[in-house]
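Readers should treat all values here as calculations from the given coordinates under stated rules, not as data from a laboratory. Fair warning: this is a prediction, and the values are worked out from it, not measured in the lab. Ideal geometry is used to build each Cβ from the backbone, glycine not excepted, and the neighbour counts take in all protein chains shown.
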Amino acid sequence: MAQHWPDRATHRRVWSLAWPMMLSNITVPLLGLVDTAVIGHLPEPHHLGAVALGGMIFSILYWAFGFLRMGTTGMVAQAHGREDGDRLRTLLGQSLVLGACIGLLILLLRTPLTTLALQLMGPESDVLTEATHYTEIRAFGAPAVLCNFALLGWFVGMQNTRIALILLTSTNLLNMLLDLLFVFGLGMKADGVALATVLAEYFSLLLGLWFCRRLLLKTAGQWLWPQLRRLRDYKALIQVNRYLFVRTVSLLLTFAFFTAQGAQQGTAILSANAVLLNFLLLISNALDGFAHATEALIGRAVGRRDPSEFRRILGCTAFWSLVSAIMLTLVFWLGGNTIIHLLTDITEVREIAGRYLPWIIILPLIGCWSFLLDGLFIGTTQVKAMQDTMLFSVFMVFAPIWWIAQPMGNHGLWLAFISLFAARGLSGGWVFWRMQRHNVWFS
C-alpha cells in the first residue's frame, strides 16, 4: 500500500505544475482592474460602461469555447505519457485548426452577434454607440483567443505550466501598457482599450507558437499532415469538446440566471452579489491550479498505464485541494468583511454583502471536490461524466432548490448556488467510485 501514498517527489511535481497556473490565473482579474482604472479616469462615464458591457460579452462568448483548452489537455497528457510524438503534433495542429475556424466564424458573424447581445442588455444610447465600436474591434481577436486556448491546453498537457505563466503574464502586461499608450497617449477611448486587447492576443499567439516550436524540436516524432486535412480524423477531439461545450454552457446559464435573479431583488442585492462573486473568482483561481496539475499528471499516468502513479497523484492533489480550501475558508471567515470594505465604499452594499458572506465562507470546502474531479475527468478524457454531472446538478438540484427556496429571497438563491457545487462534487464522486470499481481508467 505504501507505493500508493504520495511521496515528496509527487508533492513537488504537483506544486511545480500548480503554482504557475495559480499566478497566471491571478493576472486575468488584474487585467480587468487595469482596464477599468484606465478608462475610469476619463471624464465621461459612458466609456467605462461600454468597456464593461463589451468585455462581459466577449468573456461569456470565449468562456463558452473554453473546451478548446480542457479537451486538448487530457488528450495531450495521455499522448505525452505514451511518448507519442506524432500524436502530440497532430493534437496541436487539430486544436489550432479548430480554434482558428471557430474564431473566424465569430469574426464573420460579429455584427449580428454583438448587436443582439447589446440589444438584450439595453444600455443607454451613448453607451450603446461606444460599446458597438468596442465589440467590432474586439471581434478581430477571436481567432487568436481560441488558438491561444488550444496552446494553453497543449502546454498544460505537456506538463509545462511555466510557459503558460509566461504567456499569460507577458500578454497581460503588454495589454496594460498598450491601454495606457492608446488612451492617455493617443487620446483614444473604449476603442483604444479594445485595440490594445486584440494586439496583445495576437502577440500571445505568436509567442506561444514560438514556444511550441522550441518544445517540438526536443520531442521525437513527425507531422502527419493528412490527419490535419481529413475531417474524420477530428472525430475524437470533436467528441471530447462536444461534451465540454454542453457542460460549459450549462454552467454559464446558471451564472446568468443567478445574476438575473439577484437583479430582480434590487440594485443593492445585485451589487452585493457581484462583490461576493469576486470571492468565487479567487476561490476558482486558487483551486484551479491543482485541477490543472491533476489534468496533466493523471493524463500522463493513464497514458503510461500506471495505476500506482494514478493513485499517488490523485491522493496528492486531493490533499492540497483540501488544505487550500481550509485556508481560503479561514481567510474569508477572519477577513471577509475587510475585503468587502476594500471592494466597495457603498454602506448599503457592504451591509448586504456581509449578511450573505457565510455562504462564501463555506464555499471552498464544498466546492473544492468539484474542481478536483473536473481535473480528473479531463485528464482521463472521461468528459461525458463532466457533462452528465453538470446537467444533473443544474436541472435536478440547483433549479428545484431555487424554486422551493424562493420565499427565502437572496438566501434561497445562495442556497441553490452552493447546492450546485455540492451536487457536482457528490455526483462526480459517485461516478468516480463506479469507474474505479470497473477500472475504467485502464481498461
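Summary of values
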| quantity | calculated |
| --- | --- |
| Relative pair counts by distance (%), Cα atoms of segment 387-431, 10 Å bins | 34, 48, 17, 1 |
| Tail beyond 24 Å, pair distance distribution of segment 42-229 (Cα, percent) | 44 |
| Exposed-site-free run, longest, the chain (rule: GluC sites (Glu not before Pro); DSSP loop; at most 15 other C-beta within 10 Å) | 125-443 |
| Highest to lowest packing among 369-380, 252-263, scored as the average C-beta count within 10 Å | 369-380, 252-263 |
| Low-density loop cleavage sites - chymotrypsin sites (Phe, Trp or Tyr not before Pro) in segment 192-253, where at most 15 other Cβ are within 10 Å (DSSP) | Trp223 |
| Among 62-73, 183-194, 103-114, 417-428, the order from most to least packed when residues are scored by Cβ within 10 Å on average | 62-73, 417-428, 183-194, 103-114 |
| For the chain, calculated [θ]222 nm from helices alone, where every DSSP H run of n ≥ 4 adds -39500 (n - 2.57) | -29000 deg cm²/dmol |
| Centroid-to-centroid separation of segment 371-435 and segment 180-253 [C-alpha atoms, Å] | 29 |
| 15 Å beta-carbon shell around Phe65, net charge (K/R +1, D/E -1) | +4 |
| Taking segment 94-178 and dividing mean pair separation by its residue count, relative contact order in percent (alpha carbons under 8 Å, at least six apart) | 41 |
| Karplus-derived HN-Hα couplings along segment 213-219 (A = 6.51, B = -1.76, C = 1.60, θ = phi - 60°), whole Hz, x at Gly and Pro | 4, 5, 5, 5, 5, 9, 10 |
| Fraction of alpha-carbon pairs over 44 Å apart in the chain - percent | 10 |
